[in-house]
Amino acid sequence: LPPALEVAPPSEAAPSAPSAPSAPSTAAPSEASPSEAAPVAPSVAAPSTAAPSTAAPSTAAPSTAAPSTAAPASAVAAAAAVAAAPACSPSPLANYTCSLKLSGDNFILHWKAYNASYVSIAAEAATTGYISLGWSHEGKMSPSDAAIGNLPAGAVANGAAVGAYYIGGYEESEVVGSGDFKLSNTAVESSNGRTIIKFDRTTVDGTVPISSEGSSTIIWAFSSQPSLSFHGSNCGSASVAFINGTTTQVSSSSSGGSKKAVLFAHGIMLALAYALLMPLGALLSRIFLYDRPSLPSDDLDKDSQPNRALWFLWHKYIQIFAVILVIVACVMAFIVSGAQGLDWTHGKVGVVVLALTLAQPVLGFMRPDKGTSNRAAWLTFHWALGIATIVMGCTNAFLGIDVFGQLYGGSKDWWYLVTAVVAGLVGLTYLGFMIRDTALQFSASAFKSQVVTSVSRQRLMG
């Protein structure tokens, strides 16, 4: 018992009421009750010695005993929850109560709640690299508090074996040591290709405290690399009630397999749209120069006029197909990543590029009629917006390759090279035809000028 409750034992309470023989007989049953009632008898013994004549009634009033030893209701409830048998798998590690496999044997969480405000935790992973366990409001990597261990010597925050960090974004520079999130009793153990990081923490520290009554959302990750770097697909999230021992798990899936395939398809589709299809659609207007009534072909080749609509149809259908491809690819990425994709620069730029992409077909349907005063201005704006969309789309494709490589590893150079070659060839081809158009327009203008000059001279001479 705590020192405050160490008072005279029940055997000494009986002599305190010699004039009432019935008093000992009433005290005895109270001592024979369950262990939870033990603090109650001592609490009534003290007042009985101060008032012998009323000792018997005082022992018969249990309602006065309860307030003398009862803790606040919330503390009692939390203590009862900790003392209760946990509804979780027992931990094979010494000094830990519960365990939860988050990715088979690849990542196992162990913990023990000492009380409603103090928890001991161990994170075990099949790696010799770093291990990270964090707390997040929505299961997102950012923002979150995280305990990261098994980093190179001198690289851990606060000089501990396991460092406390605040993760403010997806870039390495945004993972910084935290002064609000505190860890104690940190340790790292490694053997047979497995690593365990151990630490204690309170439930109230940090930007995301541990819930003392319900579940807390955790995020986890590990890497084969010892230095702090992107973990690839070795990550996930789960919902764990650390205090009452239950593991009402809402999700604990690593970002591999199907998600990787979907994001790979997302990248291929967008690379085709911005590096091949859209530039090809724009290039058609340059290739079929003599089928365009807006260019000097009116004067240079009258026989081609029946085919003038052909280039425009191909241009329209190719661009519409490219826009549909972009929409489908963006929807696919949103389904598997949600709003987390916007945490990357690639996602933010992608929103802008998507808006420009959708604006182009809308602008196409708003094309002014031939011969109107704003037709030329519309053509210039439509062309400039199209070029800007293609350039930004190709640039974002490179950003996407970088993100995919950071998440799932593998060589990024080959994809950089392929995308650059395709976009470069199409771009140079377009530039070549554009130079040709300019030269032909200049020649046509000079030819018209010569014709006008010649006709004028003939008239003057005539």
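The values are calculated or read from the model by the stated rules, or taken from the named source; none is laboratory data. Note that this is a predicted model, so its numbers are computed, not measured. As a convention, Cβ positions derive from the backbone with ideal geometry for all residues, glycine included, and neighbour counts pool all protein chains shown.
A compact table of results
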read-out	value
Selection status of A439, more than 39 Å from the chain's Cα centre (by Cα) and among the small types (G, A, S)	yes
Subset tally (residues that are of a type in the set (G, A, S) and surrounded by 14 or more Cβ atoms within 10 Å (Cβ to Cβ)) for the stretch 380-403	4
Strands (runs of 3 or more DSSP E) contained entirely in the stretch 174-227, each with at least 1 residues that are aliphatic (A, V, I, L, M) and under 22 Å from the mean Cα position of the chain (by Cα)	175-177, 216-222
Filter result for the condition that a residue is at pLDDT 85 or above, within 27 Å of V362 (Cα to Cα) and in the same structural domain as I268 (by TED's automatic domain parsing), over M434, M392	M392
Unique match (being touching a residue at least 24 places away in the same chain (Cβ under 8 Å) and within 35 Å of the chain's Cα centre (by Cα)) among T429, T419	T419
Any chance A377 is more than 22 Å from the chain's Cα centre (by Cα) and surrounded by 12 or more Cβ atoms within 10 Å (Cβ to Cβ)	no
Flag for F442 being at pLDDT below 90 and either outside the structural domain of I287 (by TED's automatic domain parsing) or in a helix (DSSP H, G or I) (or both)	yes
So T207, is it crowded, with 17+ Cβ neighbours inside 10 Å and assigned by TED's automatic domain parsing to the domain that holds G236	no
Contacts under 9 angstrom Cβ, first residue in the stretch 159-187 being in contact (Cβ under 8 Å) with a residue 60 or more places away in the chain, partner among the small types (G, A, S), 6 or more apart	G169/S142; Y170/S142; N185/S120
Single unsatisfied condition, G371 versus (1) part of a helix (DSSP H, G or I); (2) out of contact with any Gly (no Cβ under 9 Å at 6 or more places or on another chain); (3) small (G, A, S)	(1)
Residue count, the stretch 336-362 (criterion: hydrophobic (A, V, I, L, M, F, W, C) and either surrounded by 15 or more Cβ atoms within 10 Å (Cβ to Cβ) or at pLDDT below 90 (or both))	8
Top-ranked residue of the stretch 152-182 - restricted to ones that are modelled with pLDDT of 70 or more and hydrophobic (A, V, I, L, M, F, W, C), ranked as nearest to Q340 (Cα to Cα)	I167
Count of residues meeting criterion [out of contact with any Cys (no Cβ under 9 Å at 6 or more places or on another chain) and either at pLDDT below 85 or hydroxyl-bearing (S, T, Y) (or both)] in the stretch 414-425	1
